[in-house]
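A quick write-up on the structure given underneath.
The values are calculated or read from the model by the stated rules, or taken from the named source; none is laboratory data. Since the model is a prediction, treat every value here as computed from it, not as a measurement. Cβ coordinates were reconstructed from backbone atoms using ideal geometry, including for glycine residues, and neighbour counts include every protein chain displayed. These accessible areas exclude ligands, DNA and RNA; they are computed on the full protein's heavy atoms, side chains included. Shrake-Rupley method; radii C 1.70, N 1.55, O 1.52, S 1.80 Å.
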Amino acid sequence: SNKPRKKKKKRKAKKNSAGETVEDNDLEDIESLLERIEDPRLAPQSQGGISADSRPLLYVEHRNLNPENELKRYFGARAVLGDQRPRQRQRQYVRSMWLTAPKNTWPRYSKTGITMQLLDTRRGVQHFTFEHHREYQQVQFKFLDAVESMDPNNIVLLLQMNPYHVDSLLQLSDVCRMQEDQEMARDLIERALYSLECAFHPVFSLTSGSCRLDYRRPENRAFFLALFKHLMFLEKRGCPRTALEFCKLILSLDPENDPLCVLLLIDFLSLRAREYTFLTRLFQEWESHRNLSQLPNFAFSVPLAYFFLSQQEERPELERSQARERAARLIQLALVMFPSILLPLLDHCSVQPDARVASHPFFGLNAQISQSPALNQLTSLYVGRTHGLWKDPAVMAWLEPHVHEVLRMVEAGDALVQEAEHKRKIRYQSAPRNIYRHIILSEMKEATAALPLEVTSQPVMGFDPLPPLDSIVSYTRPERTSHPSNESTLSLFFRSLLPNFNLQGDIRHDGDDEAGAAQDLNQGVNRLMAAMRDMLANIQFQEPPRDDNPEGDGDWD
């Protein structure tokens, strides 16, 4: 009779011990499953290659949108997550999101007044748009007033009342980034993405590549810009594979127009992430209808990708030799088409060219001076962004003989050289607006310095840089009381200093009445005094900097 009791006790103990360790075992199983999924040996060939992929070109994988998965591949799950995993279930609000993970430090989310609607479906492609409800429109009007005030504190006050207003988050993120607060800037962008993802339509898919958003609609631009700013933070954080996935997502939203011109960036992210197969496949499939070879970044990055493929020893010798031949042919075409890139690229890589190359007029200073400003912007952008990938000594050793082969073609009067020169003169007369928008968002100083005056002379706002000229506006801002157009020079001067000052006040119809004119003058003086009092009341004096050195305290006595 005692034996069965002992067995029952043992069974109960096993159940208890199993119940206590269920959570840990589940976490270990999930980790092992993720490791197996992310193992490149088990996954389809993704680290470059010439093999065909059955999936769509702009197919987006959900797991590649999470930067933690990429960091875990580099440093391990324990180093990335630490002790956070078992505690995440205690969070008060949990909503599974693909673009960002909500943080405990964020304000509690409530409906903001943004929704997404399905406009139509054409040829298997679904066209969506974001919509702003009336209450969100009122917040948007307040935001525009805060931007015009040129005081970031007004945007902060607006976010305290509306913590998930997207344009305020985008604009304040730029302010934080200028103040070197990168962590807060990144956090605000993630919060904006979270707010927009909460408004997704149930049918809207991030991965299918068949969902479109029209950038001409102002309500949709915040999503494009938030994704772009987020991928720039990811690239700087050391997550190029995740940034590439976000870049593919942006391109899939409007591949025909490419409003942010991410085609100027996607080659760099592909090389950084060692996704050589994707880059070469993109070039092969889109070259016929998009002329990617006419963009300097594709002209140089695609042969570089083929060169890296030819260096992978695990590949068959036939694939390596084919990649080597394609790399040689394409890099020579690139040097012939865009000779002005070579010397600036070598200069950024701290490589001194030999005397023949440095003194030859084809690659010399004349090549940079003779090119159009639009082409100068593209070449400066590529050199400034991608020069770090060319510093590899193996890459320079591969590039050198092809440079000399191009010089031989130039000296022999090859027809290909004459044809390329003719193309450069006819094309690249002026850059489209999306290229200017990309350069402004990228903040690459080499390319920003080459922007034309008509772009740099107009104000550029971070929440909507260079809006399209053919915008589709669904609602307009109410008209504000404008200042009279017949203001005197003195009035304009005072109002430039004191925005609250208006000398003329309301326009009087009895301007011939001397008493009315005298009364207007008195009212104008009173307004001037009130505006000056307002300005003096808002002036805040900063305290003198304190010197922590105790020996210097006596200087203030």
Margin query: Quick test for you: out of 207, 242, pick the one residue that is modelled with pLDDT of 95 or more and touching a helix residue (DSSP H, G or I) at 6+ places or on another chain (Cβ under 8 Å).
Written below: 242
Check: Looking at (1) more than 22 Å from residue 152 (Cβ to Cβ); (2) surrounded by fewer than 19 Cβ atoms within 10 Å (Cβ to Cβ); (3) of a type in the set (Asp, Glu), which is the one condition that is false for residue 219?
Finding: (2)
Item checked: Criterion: within 38 Å of the chain's Cα centre (by Cα), open to solvent by less than 20 Å² (accessible area, probe 1.4 Å) and over 23 Å from residue 450 (Cα atoms) - qualifying residue of 417, 383 -> 417
Next item on the list: Select the helices (runs of 4 or more DSSP H) contained entirely in the range 310-388, then report the ones holding at least 3 residues which are farther than 19 Å from residue 267 by Cα.
Entry: 317-337, 342-348, 355-359, 365-370
Checklist line | Qualifying residue in the range 170-179 (condition: over 25 Å from residue 111 (Cα atoms), in contact (Cβ under 8 Å) with a residue 24 or more places away in the chain and not small (Gly, Ala, Ser)) | finding: no
Check: Going through the range 291-314 one residue at a time, which ones are buried (at least 16 other Cβ atoms within 10 Å of the Cβ) and either over 34 Å from the mean Cα position of the chain (by Cα) or of a type in the set (A, V, I, L, M) (or both)?
Finding: 292, 295, 299, 302, 304, 305, 309
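What number of residues within the range 446-477 are in contact with a Phe, Trp or Tyr (Cβ under 7 Å, 6 or more places away or on another chain) and aromatic (Phe, Trp, Tyr)?
Result for the range 446-477: 0.
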Notebook entry, point to check: Looking at the range 187-226, which of the residues that are among the hydroxyl-bearing types (Ser, Thr, Tyr) and part of a loop (DSSP other than H, G, I, E, B) is nearest to residue 466 (Cα to Cα)?
Noted result: 215
Next item on the list: Mind listing just one residue for me: the one in the range 315-335 that is free of Cβ contacts under 8 Å to residues at least 60 places away in the same chain and in contact with a Ser or Thr (Cβ under 6 Å, 6 or more places away or on another chain) and, of those, surrounded by the fewest Cβ atoms within 10 Å (Cβ to Cβ)?
Entry: 324
Item checked: Any chance residue 237 is buried (at least 20 other Cβ atoms within 10 Å of the Cβ), closer than 24 Å to residue 105 by Cα and not aliphatic (A, V, I, L, M) -> no
Next item on the list: Identify, by number, the condition in (1) touching a residue at least 40 places away in the same chain (Cβ under 8 Å); (2) surrounded by 14 or more Cβ atoms within 10 Å (Cβ to Cβ); (3) among the small types (Gly, Ala, Ser) that residue 364 doesn't meet.
Entry: (1)
Next item on the list: Inspect the range 344-358 for any residue being buried (at least 19 other Cβ atoms within 10 Å of the Cβ) and closer than 22 Å to residue 430 by Cα and give the result as yes or no.
Entry: no
Check: Pick from 103, 111, 72: which is modelled with pLDDT of 80 or more, open to solvent by 30 Å² or more (accessible area, probe 1.4 Å) and either closer than 30 Å to residue 255 by Cα or assigned to a helix (DSSP H, G or I) (or both)?
Finding: 72
